[in-house]
Amino acid sequence: MVRWARRHRVSLVPRGAGTSLDGESVPVRGGFVVDLSAMDQVLELNEKDLWARVQPGVVNARLQELLRPRGLFYPPNPGSWEISTLGGNASTNASGFRSFRYGPTRSWVLRARAVLGTGELVEAGTLAWKRSAGVDLLGSLIGSEGTLGILTELTVRLSPLPARRVGLLASVPEGTSLGALALGLLWARGEGLSAVEWVDARVATEVARMEGLPLEPHAGALLLEVETPREVTEDTAARWGRGLAALGLKTEVRLFEDAEALWRARGRAGVLMDRRLGPRVREDVAVPLTAWDRLLDRVGALARKEGVDLVMYAHLGEGNLHPNFVCDPVSPQAHRLRMGLWEIAWSLGGTASAEHGLGSLKAPAYRREHGAIAFRALRELKRALDPEGILNPGKFWG
Ligand SMILES: Cc1cc2nc3c(=O)[nH]c(=O)nc-3n(C[C@H](O)[C@H](O)[C@H](O)COP(=O)(O)OP(=O)(O)OC[C@H]3O[C@@H](n4cnc5c(N)ncnc54)[C@H](O)[C@@H]3O)c2cc1C
């Protein structure tokens with residue numbers, strides 16, 4: 001198909017589940033959409049070397065279902081894990097709240113088969129868990145959003161399921177330095193901390209209402225997950241409460257013996273907020289944690305300057321903020337907000353996209369973020385792998 005498309009100069013836009021948020025799988029310049037969702041077979045499960053060989057259309061949740069009874073899991077868990085595909089996850093280098101502990105999809109793909117824009121089939125990577133064999137193609141394919149090749153098979157690493165995952169929920173009163181809190185929590189990784197999430201007061205109110213929890217009014221919330229072999233006792237919450245107090249957060253800590261209950265509440269609150277807020281600019285910047293408080297101040301000032309409502313949540317442990325500006329996402333105002341936000345992130349040493357990718361909406365950020373020289377070199381790679389530019393045109397390559 002790719003050879004035919006190349007010959008006839010027809011564009012091909014790979015698509016998994018179509019859940020990407022910045023127009024990644026939208027055929028903005030026409031052509032054919034290559035729907036990979038029916039390539040959904042788990043081809044091989046190696047329980048000794050801990051990897052799975054899958055077709056790209058396998059939905060993340062389906063792989064997890066298969067792995068759970070075997071005491072295994074696949075760590076990358078984007079919020080869309082119940083519907084998005086492993087091919088889409090790899091092509092956007094997706095990650096979720098556990099990437100705080102486990103890293104993004106890129107850390108979990110061992111090997112990929114892909115059809116390049118030349119029509120050639122390549123196999124990139126190996127089955128070894130470690131590799132230092134020079135600059136590699138695998139790393140470039142991951143996160144390339146279908147612009148370098150169409151992934152037709154992935155071999156992904158697996159991890160043993162931890163004995164238990166405990167959830168912790170605490171109010172975060174206004175005025176708390178979230179940056180200092182997050183920097184302090186980095187040191188709790190050794191205690192099994194696997195997620196450090198934050199939601200603002202609006203989302204926290206919804207979570208509290210759904211769980212019937214007495215969270216403090218007008219306060220945000222901190223949501224933690226801890227993977228631990230220890231028995232959960234009454235002291236668990238008290239111990240974490242003392243730890244948080246030492247970091248400046250003196251509030252009651254609520255324990256969830258099974259962290260999934262906490263994430264379900266967070267997910268339901270998110271869906272409800274989505275419905276209430278309607279269309280909006282959903283962004284995805286990240287900065288070093290030492291710049292976190294400045295990021296929040298400046299994003300708040302940007303929203304005030306533009307006179308738009310702002311709701312925020314974050315993968316705080318990784319400095320990844322999702323500001324939601326409530327306005328028409330395809331208006332000139334949305335464009336100003338995006339550009340303003342990216343400038344803030346770059347000026348603080350950060351990135352315009354921490355996990356969602358660039359697609360067409362964030363396309364202008366690519367050249368600026370990488371700089372002219374790197375962009376020129378990367379563009380040569382694109383030319384070599386897709387000489388006619390038939391793969392997913394109109395995205396971040398310009
Ligand atoms: C409710 C919700 C929550 C989300 N939460 C997160 C989150 O926590 N973290 C996060 O990172 N993202 C999140 N996302 C964004 C999105 O789900 C991810 O980017 C996901 O990885 C996309 O997977 P998909 O199967 O839907 O891919 P698609 O949207 O279909 O495609 C994404 C990109 O990958 C390319 N592509 C797809 N399959 C292939 C293939 N086989 N070969 C080559 N290219 C391919 C497409 O061309 C496109 O550029 C969320 C989205 C929603 C709607």
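Values computed for the structure shown
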item: Residues of type aspartates and glutamates that residue 130 reaches as a straight line, Cα spacing below 13 Å, ignoring anything fewer than 8 places off in the same chain; result: 49
item: Integer Hz, Karplus 6.51/-1.76/1.60 couplings in order for the stretch 288-300, x for Gly and Pro; result: x, 4, 5, 9, 4, 5, 5, 4, 4, 4, 6, 5, x
item: Modelled label reach - residue 388, point 7 Å along Cα→Cβ, the stretch 34-49 residues with backbone N closer than 13 Å; result: none
item: Equivalent ellipsoid dimensions for the stretch 262-398 as semi-axes, Å, which come from the Cα gyration tensor, largest first; result: 28, 18, 16
item: Proximal lysines to residue 395, defined as alpha-carbon separation beneath 26 angstrom and excluding residues fewer than eight positions away on the same chain; result: 362, 382
item: Length released on extending from residue 163 to residue 42, taking residue separation times 0.36 nm less the Cα-Cα span; result: 41.0 nm
item: Long-range HN-HN contacts of residue 194 with modeled amide H, under 5 Å; result: 225, 226, 227
item: Contact order relative to length of the chain, as percent, for alpha carbon pairs under 8 angstrom and 6 or more apart; result: 19
item: Mean Cβ count within 10 Å, highest first, over the residues of peptides 112-118, 35-41, 102-108; result: 112-118, 102-108, 35-41
item: Highest to lowest packing among 371-383, 241-253, 313-325, scored as the average C-beta count within 10 Å; result: 313-325, 241-253, 371-383
item: Vicinal HN-Hα couplings computed from phi for the stretch 191-208 (Karplus, 6.51 cos²θ - 1.76 cosθ + 1.60; Hz; Gly/Pro x); result: 8, x, 4, 10, 7, 10, 10, 9, 10, 6, 4, 5, 6, 4, 4, 5, 4, 4
item: Förster radius 45 Å - calculated FRET efficiency between residue 209 and residue 62 (Cβ-Cβ, nearest 0.05); result: 0.90
item: Total formal charge among the other residues, if their Cβ is under 9 angstrom from that of residue 314, Lys/Arg +1 and Asp/Glu -1; result: -3
item: For the stretch 164-274, with +1 on Lys and Arg beta carbons and -1 on Asp and Glu, the positive-most of 181, 271, 195 along the dipole; result: 181
item: Rg [Å, one decimal], Dmax [Å, integer] - the chain, C-alpha atoms; result: 21.4, 68
item: Nitroxide proxy distance, nm - points 7 Å out along Cα→Cβ at residue 250 and residue 120; result: 6.6
item: J(HN,Hα) series, the stretch 391-396, from Karplus relation 6.51 cos²θ - 1.76 cosθ + 1.60, nearest Hz, glycine and proline x; result: 8, 6, x, x, 9, 5
item: The stretch 83-197: C-alpha pair distances exceeding 25 Å, %; result: 39
item: Protection proxy ranking, peptides 231-237, 9-15, average beta carbon neighbours within 10 Å, highest first; result: 9-15, 231-237
item: Solution diffusion estimate, µm²/s, Stokes-Einstein, the stretch 141-285, Kirkwood Rh from C-alpha pairs, 20 °C, viscosity 1.002 mPa s; result: 125
item: For the stretch 2-160: relative contact order, % (alpha-carbon pairs under 8 angstrom, 6 or more apart); result: 25
item: Alpha-carbon spread of the stretch 2-160, three principal axes, descending order, Å; result: 48, 33, 27
item: FRET efficiency estimate (nearest 0.05) - Cβ-Cβ, residue 1 to residue 129, R0 25 angstrom; result: 0.15
item: Relative contact order of the stretch 164-274, pairs being alpha-carbon contacts under 8 Å that are 6 or more residues apart, as %; result: 44
item: Orientation-averaged projected area, Cα convex hull of the stretch 278-356 (nm²); result: 4.6
item: For the stretch 1-64 and the stretch 320-383, distance of Cα centres in Å; result: 24
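We did not get these values from a lab; they are worked out from the coordinates using the rules stated. Fair warning: this is a prediction, and the values are worked out from it, not measured in the lab. Cβ coordinates were reconstructed from backbone atoms using ideal geometry, including for glycine residues, and neighbour counts include every protein chain displayed.
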